[in-house]
Amino acid sequence: MQSDRPPYSLQESIQSTREEVERVMSCCLEQLEAHGHDEAAIFAIRLALEEALSNAIFHGNGSDASKQITVQVQITADQFTASVTDEGPGYDPVHVPDPTADENLSIASGRGLALIRSFMTEVTLVPPGNCIQMRYSPGGDSNIRPAGGVVTFD
């Protein structure tokens, strides 16, 4: 992947609303294209970032539009990194049910985090669990990473 564009950085606090998420997503998608990321990479990054932002609105901030989400994004031709922090109390990922386990197939909880983990190269949940950091680096024949990218919980 080759791009002569300088790295793109975004760092801002946004309200917990779909409109703000859509605005941030639009900026990021435009920059991913401008930095030469292919369709598969853009799909993976869009899905993971949108899921992290949605989780921050609904689970972290309880759909309270007065609460803020801090978003930090870095985009280069070779990598995407993001950090999403909400004002919620956080959570322990050990208590998130595995959505692929037979007993959880009808439970909606945990699917978003599983999607983020499957599409990102690295995912870190920062204690107390109200900040998720993710990194995507394209590699191999496919830009969509298989499930089981590196996940750490500091």
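Test of understanding: ordering 134, 25 by Cβ neighbours within 10 Å, fewest first, what list do you get? Write out the running numbers ahead of the final one.
Numbers: 134 25, 25 15.
Final ranking by Cβ density, sparse to dense: 25, 134.
Result for the chain in a Gaussian network model with C-alpha springs under 10 Å: among 103, 50, 122, the largest mean-square fluctuation is at 103.
With a 10 Å cut-off between alpha carbons and a GNM built on the chain, which of 135, 46, 23 moves the most? The residue that fluctuates most here is 23. The GNM of the chain, with springs linking C-alpha atoms under 10 angstrom apart, assigns the highest mean-square fluctuation among 72, 11, 133 to 11.
Among rounded, prolate and oblate, which fits segment 1-67 when a ≥ b ≥ c are the square roots of the eigenvalues of its C-alpha gyration tensor, a/c under 1.5 means rounded, and a/b larger than b/c means prolate?
Details: a/c = 3.28, a/b = 2.04, b/c = 1.61.
Judged from the Cα gyration tensor, segment 1-67 comes out prolate (a/c at least 1.5, a/b above b/c).
Starting from the Cα gyration tensor of the chain, take the square roots of the eigenvalues, sort them a ≥ b ≥ c, and report rounded, prolate or oblate (rounded when a/c is under 1.5, otherwise prolate if a/b is larger than b/c, else oblate). The shape class here is oblate.
Readers should treat all values here as calculations from the given coordinates under stated rules, not as data from a laboratory. A quick note: this is a predicted structure, and the numbers were derived from the prediction, not measured. Don't worry about glycine lacking a Cβ; one is built from the backbone with ideal geometry, like all the others, and counts go over all protein chains shown.
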